1. Identify, from the list PRO81, PRO55, the residue that is without any contact (Cβ under 8 Å) to a residue 24 or more places away in the chain and farther than 24 Å from GLY237 by Cβ.
2. Out of (1) in a helix (DSSP H, G or I); (2) out of contact with any Leu (no Cβ under 8 Å at 6 or more places or on another chain); (3) not aromatic (Phe, Trp, Tyr), the odd one out for LEU238 is which?
3. Would you check which residues across the range 299-325 are touching a residue at least 24 places away in the same chain (Cβ under 8 Å), charged (D, E, K, R) and within 19 Å of ALA149 (Cβ to Cβ) and list them?
4. Would you mind finding the one in GLY260, GLY231, GLY289, GLY244 that is within 30 Å of ALA202 (Cα to Cα), at pLDDT 95 or above and within 16 Å of the chain's Cα centre (by Cα)?
5. Under the condition of being within 14 Å of LEU89 (Cβ to Cβ) and not β-branched (Val, Ile, Thr), which residue from the range 120-134 is nearest to the ligand (Cβ to nearest atom)?
6. Looking at (1) touching a residue at least 60 places away in the same chain (Cβ under 8 Å); (2) in contact with a helix residue (DSSP H, G or I) (Cβ under 8 Å, 6 or more places away or on another chain); (3) more than 15 Å from the ligand (Cβ to nearest atom); (4) open to solvent by 20 Å² or more (accessible area, probe 1.4 Å), find the lone condition where LEU137 falls short.
7. In the range 263-283, which residue that is basic (Lys, Arg) and at pLDDT 95 or above is least open to solvent (accessible area, probe 1.4 Å)?
Amino acid sequence: MKAITVYGDKNDPRLVWEDVADIDFKDDEVLVEVRATAVNRADLSQARGNYPPPPGASDILGLEMAGTIRAAGVNVVDWRPGDRVCALLPGGGYAERVAVPAGMLLRLPDDWTFAQGAAVPEVWYTAYINLFDEGQLKAGETALIHAGASGVGTAAIQLALDAGARAIATAGSEKKVAFCRELGATAINYKTQDFLVEVMAATGGQGVDVILDPVGGSYLARNVAALRRFGRLVNIGLLGGAKGELNMGQVLGKRLRIVGSTLRARPAAEKIAITHRFAAEVMPKLADGRLRPIVDTSFPIEQAQAAHEYVLTNRNIGKVILELP
Ligand SMILES: NC(=O)c1ccc[n+]([C@@H]2O[C@H](COP(=O)([O-])OP(=O)(O)OC[C@H]3O[C@@H](n4cnc5c(N)ncnc54)[C@H](OP(=O)(O)O)[C@@H]3O)[C@@H](O)[C@H]2O)c1
């Protein structure tokens, strides 16, 4: 089969679509013909040697895909060859074929493209588990969503609003701010405004209940200051570095919780449980259009390198898709 192989080095990874060894599948897995996959920040780090795949996972890039089942293992009962599916993967999505445990599959709505399917698993699961499991966001509360126009951010804004919460988003350009507003968030351009000042103004000085934060160190002090009593800070990334200043007086006095959360490192059984809950609670709303995956651009998989550049330079609103022939 063909897949993306990474050549070059840390500073200059080169992604090449070429022949690689074919793959096999186990009795409780299906073999999927991949038609679309998507670029995640983790792929950029992995291509630079900074984010090795978890033990047992494929070393091919790609944390999600959509495609058609080609064959099913003998223990698989609910899925058949020809079914259109998408799934979260621990790796291996940038390839013509991938083996997926049956418990990880989501059925694609009939009127969806493969690009729409590939835009869902990684960022929608991330937004879902971190807002509601880790962040315990409830109706009537307010969530601050940093990188609001990102893949995760555009999903999180929609999920927070759908749950009856208010969403305040930050983004780095007027175009991205306008898009967050279109989705229904109160939006702040963090490059021209201080998000802490704006969040306090927008909440009558109260602050927010939950922060979904992919930025980390450079936002830590202001995130903690922006939380109201019993607030929850859920960190999912380190775009702004790993180190920051923490005022423990505020953590103690406001009885805050600070949580770090990763999806990829979770055990398979936990990911299957998330998939089942997502299929029951969120997928029907995506299927009927109450929620929508946001796709910015699609590139042919042969242009994966250009797609990585596009994401690295923060040009996307929502997801960047790689389409296979
Ligand atoms: N923990 C997990 O399980 C998990 C899972 C999935 C994703 N993530 C993380 O969540 C984040 C979002 O993922 P994604 O795929 O949705 O990303 P994405 O679509 O690539 O968007 C990321 C956006 O973050 C903003 N950004 C970049 N550097 C920044 C900085 N230093 N300070 C503030 N904003 C910055 C940029 O938007 P602006 O133009 O608005 O600055 C950029 O477009 C990434 O950090 C990713 O690694 C974590």
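1. Details: PRO55 fails: farther than 24 Å from GLY237 by Cβ.
Result: PRO81 is the single residue among PRO81, PRO55 that is without any contact (Cβ under 8 Å) to a residue 24 or more places away in the chain and farther than 24 Å from GLY237 by Cβ.
2. Among (1) in a helix (DSSP H, G or I); (2) out of contact with any Leu (no Cβ under 8 Å at 6 or more places or on another chain); (3) not aromatic (Phe, Trp, Tyr), the lone unmet condition for LEU238 is (1).
3. LYS319
4. Values: GLY231 fails: within 16 Å of the chain's Cα centre (by Cα); GLY289 fails: within 16 Å of the chain's Cα centre (by Cα); GLY244 fails: within 16 Å of the chain's Cα centre (by Cα).
GLY260 is the lone residue from the list that is within 30 Å of ALA202 (Cα to Cα), at pLDDT 95 or above and within 16 Å of the chain's Cα centre (by Cα).
5. By that ranking, first place goes to GLU122.
6. (4)
7. Per the criteria, the residue is LYS271.
Yes/no per residue for (1) more than 12 Å from the ligand (Cβ to nearest atom); (2) hydroxyl-bearing (Ser, Thr, Tyr); (3) more than 27 Å from GLU122 (Cβ to Cβ):
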| residue | (1), (2), (3) |
| --- | --- |
| ALA163 | yes, no, no |
| THR170 | no, yes, no |
| ARG181 | yes, no, no |
| ILE188 | no, no, no |
| ALA202 | yes, no, yes |
| GLY205 | yes, no, yes |
| GLY216 | no, no, no |
| ALA225 | yes, no, yes |
| LEU233 | yes, no, no |
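The values are calculated or read from the model by the stated rules, or taken from the named source; none is laboratory data. Since this is a predicted model, take the numbers as computed values, not measurements. Quick reminder, even Gly has a Cβ in these numbers, built from the backbone with ideal geometry, and neighbours come from all protein chains shown. SASA here: full protein model, heavy atoms, side chains in, ligands and nucleic acids out. Shrake-Rupley method; radii C 1.70, N 1.55, O 1.52, S 1.80 Å.
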